[in-house]
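In what follows, a single structure is set out as structure tokens and then discussed.
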Amino acid sequence: MSDYIVSARKYRPDSFETLIGQDDIARPLKNSILRGQLAHAYLFCGPRGVGKTSTARIFAKAINCSNPSADMDPCGQCESCLSFAEGRSYCIHELDAASNNGVEDIKLLMEQVQIPPQVGKYSVYIIDEVHMLSQQAFNAFLKTLEEPPAHAIFILCTTEKHKIIPTILSRCQTYDFNRIGVGDMVRNLSGIAAKEGVSIDQESLHLIARKADGAMRDALTLFDQTVAFCGSQVRKEDVQRILNVLDYEYSFKMVDAALAGDYATALKLLDEVLGKGFNALYFVISIGEHLRDLLVSRTGGLEALLDFPDTLKARYKEQAERCSVKFLYTALSYINACESGYKASANQRLHIEFCLMRLCFINAAPAVQASQQARPAAPQQQAAQPQAPQQAAPQVAQPQAPQPQAAPQVAQPQVPQQAAPQVAQQPQQAVAQPQAPQPQAAPQPQPAAAQSQAVPQAAQPQAPQPATAPQPQPAASQPQASAQKPKGIPGLSLSSLVNKAAESAAVHSAKADVEIQPLSEEELLGAWNKIIESCRNNPGSSRFASIFSVSPTEVHYEGNSSILLLKLENESTLKWLEGNFLSRLQQQLRKISGNEGVVIRLDLLPQEAVKPLVYHPQEQAKVIMEDHPEVGRLVKELELDS
């Protein structure tokens, strides 16, 4: 039988000096022993594997040690220390509350508390996993915990502080243990590896420490598991395989692919990770952590937030310099959204693939936008090209300008300045300008007022420069003349638009006078009855049919308008119809009647005309007998109960 002991027990701390990452806890405990200010109850709480029970044992030994060191560490050689190490101490007692959580167990403990210590000054009772005690056990423990004997000290340890009742918490000095840092665990593991003769690199130790998540006991267990698999020569690849840890190389490659916009490589990396048996969501989470580490590496003064060896920190620094803060921020937002929607997605792999493609398109997005903005530039240049021959052609046609009316048109060089943007925005219309009709030549013989407005403009400094261009307009050629007109929509002017609007209004007015004629009362009510009948036939409109069928109607006339007055019983129905359905009812009535002059108006019936609603059967019978006297006589003759 081998005498092998696991590292978590073999290298368990036995003094305050060997405690790892809990200096803030060890210091007040040592000072309380040194000053003789010991409380009667302590509560050690915190995550698993951070040294709560080990600290309780060290503290208990130091209290009864007869020869403590200057730092108040137990000597390990006195009778109290030796008896505790050999498991025969009658001064330090341990109770597992997970298996002894009843009232009877606490009663036995209370009886044992009354016995004074045989060696040392105090009887220390360490109760581990105290949160497992039942409610009755807690209540039985309260009185003794509040007023214990002078020689009794209780140390309670728990991982779930919130399960302990407040009356217990108020009677104890509470010490909260923190998770152990990666650096502290790496240093401890490195020393243990040297003692065990195991060759292991720093990156492998960091992988073990990060996997342990702040628990030193878990780190030692993982270390034993790794040594059992690899032997005395431990490699990083073997550690990743035995701990099922995804290699950070995939995260580096993924970020490189995202920076290059290579979504094909990103999808291949995801397929390779899935082929190795890793969860897809775990891959996304690792990318998010990698992006966070890159952001920390890129920001000066945050190097302490990285728990990596120096070689890996340099690699993070190099890749972080190639990533902008905007890229990292956008990528983290995409990863966070992917994690949130992963469980709700029907196709989870496609959900993650889409997220990876979005990462690859972050840097490509500005280029895509620039290309989309540059696409309309080609039609603008093509539309602007015909302007060059239009300016050159008038120079050849200068001798053909005999008409004196060219002078009022000197003001036209200002028109192309306003019309030039229109040519760029509407290239198709600008190309069609040579086909503009000739009626535009008609406005040339306008009244002298228009010419008088053009003459002052000719006196401006800009007039001599374009003076040669407008000269060939009168009779050189029609395409050139149309080119010198405003470069907007060809064939349209303010006067033509006004004339067309007036003609359209006149036609509409004449058409309205012809078509809109008052309807007779029979025609209007017949059309209204058709609407009621259609509502009856449609299950979704049965409510309208019930309202319209009991509502009286009146027909009035105002000019050519035929008005249907609908009288309703209550105001709420009126507001409901008027706010939601009146316009549609009116359109439907106009369509059925074939008359655009039909108008529907709503009004309320007088209060005395509204019939009260009858719900109770006796009330209904009374109404029937009042409306039909023969029914009332029949009820009396037959002596029926009305």
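The values are calculated or read from the model by the stated rules, or taken from the named source; none is laboratory data. Note that the structure is predicted; figures quoted are calculated from it, not measured. Here the Cβ positions follow ideal geometry from the backbone for every residue, glycine too, while neighbour counts run over all protein chains shown.
Taking the criterion of being under 30 Å from Gln77 (Cα atoms) and touching a residue at least 60 places away in the same chain (Cβ under 8 Å), the residues of the range 135-157 that qualify are Pro148, Ala152, Ile153, Phe154, Ile155, Leu156, Cys157. Reported count of residues in the range 68-101, each being out of contact with any strand residue (DSSP E or B) (no Cβ under 8 Å at 6 or more places or on another chain) and within 13 Å of Ile127 (Cα to Cα), is 3.
The residue that is farthest from the chain's Cα centre (by Cα), among those in the range 16-29 that are crowded, with 18+ Cβ neighbours inside 10 Å and not aliphatic (A, V, I, L, M), is Phe16. Kindly indicate whether Tyr282 is crowded, with 17+ Cβ neighbours inside 10 Å and without any contact (Cβ under 8 Å) to a residue 40 or more places away in the chain. No. When the residues of the range 62-95 are filtered to those that are surrounded by 14 or more Cβ atoms within 10 Å (Cβ to Cβ) and among the acidic types (Asp, Glu), which remaining residue is modelled with the highest pLDDT? Here the residue is Glu94. No other residue among Tyr334, Tyr316, Tyr329 is in a helix (DSSP H, G or I) and surrounded by fewer than 16 Cβ atoms within 10 Å (Cβ to Cβ) apart from Tyr329.
Applying the selection to the range 35-59, what residues are modelled with pLDDT of 90 or more and more than 47 Å from the chain's Cα centre (by Cα)? Listed by number, the residues that qualify are Leu38, Ala39, His40, Ala41, Arg57, Ile58, Phe59. Here Lys236 meets each of (1) among the basic types (Lys, Arg); (2) farther than 30 Å from Asn188 by Cα; (3) surrounded by 14 or more Cβ atoms within 10 Å (Cβ to Cβ) with one exception, condition (2). If we scan the range 297-310, do we find a residue that is in a helix (DSSP H, G or I) and either touching a residue at least 40 places away in the same chain (Cβ under 8 Å) or in contact with a strand residue (DSSP E or B) (Cβ under 9 Å, 6 or more places away or on another chain) (or both)? Checked the range 297-310: no residue is in a helix (DSSP H, G or I) and either touching a residue at least 40 places away in the same chain (Cβ under 8 Å) or in contact with a strand residue (DSSP E or B) (Cβ under 9 Å, 6 or more places away or on another chain) (or both). Is it the case that the range 121-134 has a residue that's in the same structural domain as Arg12 (by TED's automatic domain parsing), buried (at least 16 other Cβ atoms within 10 Å of the Cβ), free of Cβ contacts under 8 Å to residues at least 40 places away in the same chain and under 23 Å from Val6 (Cβ atoms)? Yes, that holds for at least one residue. Looking across the range 558-580, the residues that are more than 48 Å from the chain's Cα centre (by Cα) and either among the basic types (Lys, Arg) or farther than 14 Å from Ser593 by Cβ (or both) come down to Glu558, Gly559, Leu565, Leu566, Lys567, Leu568, Glu569. Among the residues of the range 615-642, the ones that are of a type in the set (D, E, K, R), surrounded by 10 or more Cβ atoms within 10 Å (Cβ to Cβ) and modelled with pLDDT of 75 or more come to 4 in all.
A quick yes/no check of all residues on (1) at pLDDT 90 or above; (2) out of contact with any Gly (no Cβ under 8 Å at 6 or more places or on another chain); (3) of a type in the set (Asp, Glu):
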| position | (1), (2), (3) |
| --- | --- |
| Ser204 | no, yes, no |
| Arg210 | no, yes, no |
| Phe223 | yes, yes, no |
| Cys230 | no, yes, no |
| Glu249 | no, yes, yes |
| Ala266 | yes, yes, no |
| Leu270 | yes, yes, no |
| Leu291 | yes, yes, no |
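Taking the range 191-230 as the range and being under 40 Å from the mean Cα position of the chain (by Cα) and more than 18 Å from Pro13 (Cβ to Cβ) as the test, the residues that pass are Gln202, Glu203, Ser204, Leu205, His206, Leu207, Ile208, Arg210, Lys211, Asp213, Leu222. In the set Ser66, Ser99, Ser89, Ser32, only one residue is assigned to a loop (DSSP other than H, G, I, E, B), within 54 Å of the chain's Cα centre (by Cα) and among the hydroxyl-bearing types (Ser, Thr, Tyr); that residue is Ser99.
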